[in-house]
1. Give the Rg (one decimal place) followed by the Dmax (whole number) of the range 309-438, computed from C-alpha coordinates and expressed in Å.
2. So what is the 222 nm mean residue ellipticity for the chain from helices alone, if each DSSP H run of at least 4 adds -39500 (n - 2.57) and you divide by all residues, rounding to the nearest 500 deg cm²/dmol?
3. So who's got an amide H within less than 5 Å of the one on residue 101, skipping anything under 5 residues away but keeping other chains? H placed 1.01 Å off N, in plane.
4. Report, to the nearest 10°, how far helix 654-667 tilts away from the longest principal axis of the Cα atoms in the chain, using its own Cα long axis and a range of 0 to 90°.
5. To the nearest 20 debye, what is the magnitude of the charge dipole of the chain about its Cα centre, counting +1 on the Cβ of each Lys and Arg and -1 on the Cβ of each Asp and Glu?
6. First check a/c for the range 5-354, with a ≥ b ≥ c the square roots of the eigenvalues of its C-alpha gyration tensor; if it is under 1.5, answer rounded, and if not, answer prolate when a/b is larger than b/c or oblate otherwise.
7. Restricting the count to DSSP beta bridges whose residues both fall in the chain, what percent are antiparallel, rounded to a multiple of 5?
8. Sort 26, 133 so that the residue with the fewest other Cβ atoms within 10 Å of its own Cβ comes first and the one with the most comes last.
Amino acid sequence: MARDPRYDILFEPVQIGPVTARNRFYQVPHCNGMGHQMPEAHAAMREIKAQGGWAVVSTEECEIHPSGDVTPYVEARLWDDGDIPTLALMCEKVKAHGALSAVELTHNGYTASNLYSREVPLSPSPTPLKYGYPLQARAMTLHDIREYRRWHKNAAIRAKRAGFDIVYVYAAHDLSLAMHFLQRRRNQRTDDYGGSLENRLRLLREVLQDTKDAVGDTCAVALRFATEEFLGEGGVQNAEAKEIVQHLADLPDLWDVNVAAWYNDSLTSRFGAEGYQQPFTAWVKQATSKPVVGVGRFTSPDTMARLVREGALDLIGAARPSIADPFLPKKIETGAIDSIRECIGCNICVSGDMTITPIRCTQNPSMGEEWRKGWHPEHIPARKSEKRVLVVGAGPAGLEATRALGQRGYEVMLAEAGEQLGGRVLKESALPGLSEWRRVRDWRVGRIEPMPNVSVFRGNELGAEDVLAIGADAVVIATGAHWVRTGIGRAASAPFIGHDSAQVFTPDDLMAGRFPDAGPVLLYDDDGFYLASVLAEVLAARGHEVHYVTPEDTIAGWTANTLDYRHIQKRLRKLGVHLHTAKTLEAFDGGQARLACVWSEDTLRLPVSSVVTVTMRLPNDALYQDLLARQGDWQAAGITQVRCLGDAEAPGLIAHAVYAGHRFAREFEAAPGENGDAGDVPFRRVRQRF
Ligand code: ADP
Ligand code: SF4
């Protein structure tokens with residue numbers, strides 16, 4: 001396919017200081033939970049992006065000194081020369097595909113907790129550590145400032161030796177000393193580094209100059225800068241940011257601009273649409289002659305080309321869109337726009353960093369598996385035989401199993417009970433704020449439809465007899481799960497009294513259009529993730545007074561891992577939702593609910609006319625159990641294996657279901673070791689050397 005000439009502008013080279021990016025696609029720094037601990041896995045993940053056409057591929061944050069140790073988070077590290085080889089590996093792999101590599105050097109000051117190094121944290125002024133550890137950072141002396149500049153310079157020199165083309169100075173996300181000195185709320189100094197803007201800016205200017213002096217002959221020096229913190233005068237505001245950009249204008253070779261903190265930068269699609277940062281960053285280009293890169297979950301080539309044409313950006317920055325589809329640039333370049341696997345803005349990728357585990361992605365099941373399983377986002381081994389596979393259920397698990405088996409060349413029959421494909425994704429994407437989630441379904445259906453070897457049967461609810469009659473060689477049961485009505489979940493192992501009332505509802509009821517009668521509703525959340533808060537919005541919009549009750553000490557606690565937490569808190573308060581924490585639901589009589597305090601003998605009675613429970617799901621595995629019970633009939637039917645996967649096996653994230661479907665397809669008839677497995681361990685591991 002040929003490239004659409006409207007997108008030619010995206011493939012122009014861009015000069016960045018002494019180096020040239022081959023096009024305008026720029027993978028900005030992003031965490032991945034692998035960092036310095038899993039260098040091979042990290043390098044392989046970055047390599048795939050370079051292969052996919054990104055002109056620049058960046059690391060995540062890269063610590064420059066043990067006094068800025070962000071443990072338990074796993075990022076990159078250039079503390080001393082011994083750290084060079086692990087990052088040199090990434091540079092070598094990225095360069096092999098014609099891309100530039102960039103490193104985001106940082107000292108995180110009081111936002112590093114030094115849990116591993118046990119150094120005393122540093123800050124412009126005394127302050128408690130940001131991440132809640134009961135320790136404070138001390139104010140840096142002038143000697144400390146000189147030392148910090150020396151560490152940064154040495155790390156830049158190491159970065160150059162590792163092979164990096166672009167070296168960052170980091171003043172974004174509320175995460176680095178250079179930014180902390182800028183922030184009035186962090187900097188109460190009365191010396192040359194505090195007070196006036198000129199003084200607060202001094203350190204950033206010095207570090208930029210140091211970096212240019214140290215490595216600027218061959219490396220571009222980029223400044224990652226937050227133009228807005230949404231904190232009023234205590235934070236960096238657009239007005240002051242404009243002054244800062246004017247002051248520094250052409251000192252960096254590249255401006256990488258975004259908004260802070262991370263929860264505002266990596267906004268989920270529920271709280272911000274593509275391009276949401278433009279109002280806060282588009283002006284930067286007017287204040288500098290140097291190239292500007294910006295982000296905004298860009299997946300549409302039309303938006304990208306427009307932003308370049310309008311003079312808002314020179315380079316299209318992407319973290320999440322490059323995670324969901326490492327081949328996004330190549331697909332635009334080759335005119336394969338429809339095959340772009342668009343990011344859905346769910347931030348499951350972020351949850352890897354937050355839970356200190358390798359990155360994963362809802363849309364791209366190969367993310368984080370490039371090295372340990374040898375998975376490639378675009379390629380998959382061809383089929384090994386003529387075997388036919390029946391997939392039952394077209395939710396994310398069934399769709400991905402079908403798509404990937406189809407890509408391998410197997411003959412696949414996909415049977416779906418409903419008239420529409422998509423399962424839970426179709427239902428949830430109809431809820432407020434979640435419309436982009438539909439992309440999980442749309443991308444897969446779009447791939448499957450043209451496959452001549454895949455047949456899709458809608459409106460086909462299969463029973464065991466049907467499955468046996470079809471006579472496929474292998475059967476995949478991906479029939480999903482349903483929410484329980486009983487209130488049973490983490491906190492309760494027995495049903496609450498009154499759970500069988502007609503005025504008790506589940507998320508499935510609401511998503512199917514069965515709503516409570518008018519009156520106050522008790523929304524009981526023992527799930528702790530996003531869904532209850534979304535349903536609170538639905539109920540509030542329908543005019544209900546909503547009482548959000550949870551046994552946990554906070555509402556929607558797990559959403560801290562997807563950076564939604566603060567936005568949810570604010571939204572529910574704005575909607576006037578009543579929040580009740582540390583309470584379990586004991587009884588409901590149609591007019592009143594009785595709650596028990598988790599920490600005491602206290603009870604609370606709420607006058608409510610209905611209850612919605614969001615506690616746990618049970619697998620829809622009746623078909624699977626029926627087939628297991630008839631294992632004696634498999635051979636006559638030609639069936640060699642029946643596998644249950646996705647929510648039908650163990651309800652979880654959409655990402656779990658996609659991964660399960662993909663894994664089945666990869667492992668189907670695979671030889672031992674083909675997916676990185678060895679013995680009982682299903683992937684390659686990094687071992688410490690003894
Ligand atoms: P997952 O997240 O594991 O993919 P979903 O709940 O999203 O699960 O999707 C399950 C899909 O399976 C739904 O679309 C549902 O209609 C379909 N399904 C359930 N039981 C059957 C069956 N017996 N035959 C065909 N399709 C089924
Ligand atoms: Fe996008 Fe979600 Fe994948 Fe992150 S996990 S890249 S937000 S689709």
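1. In Å, with Rg to one decimal and Dmax whole: 16.8, 54.
2. Numbers: 22 runs with 205 residues, N = 690.
Estimated from H runs of four or more residues: -8500 deg cm²/dmol.
3. 57, 165, 166
4. So the inclination is approximately 80 degrees.
5. Rounded to the nearest 20 debye, it is 1000 debye.
6. The shape class here is prolate.
7. Around 20 percent antiparallel, to the nearest 5.
8. If I rank by nearby Cβ atoms, fewest first, I get 133, 26.
Bear in mind that the values in this text are calculations on the coordinates, not laboratory data. Quick caveat: nothing in here was measured; it's all calculated off a predicted structure. Positions of Cβ are generated from backbone atoms using ideal geometry, with glycine treated the same way; all protein chains shown enter the neighbour counts.
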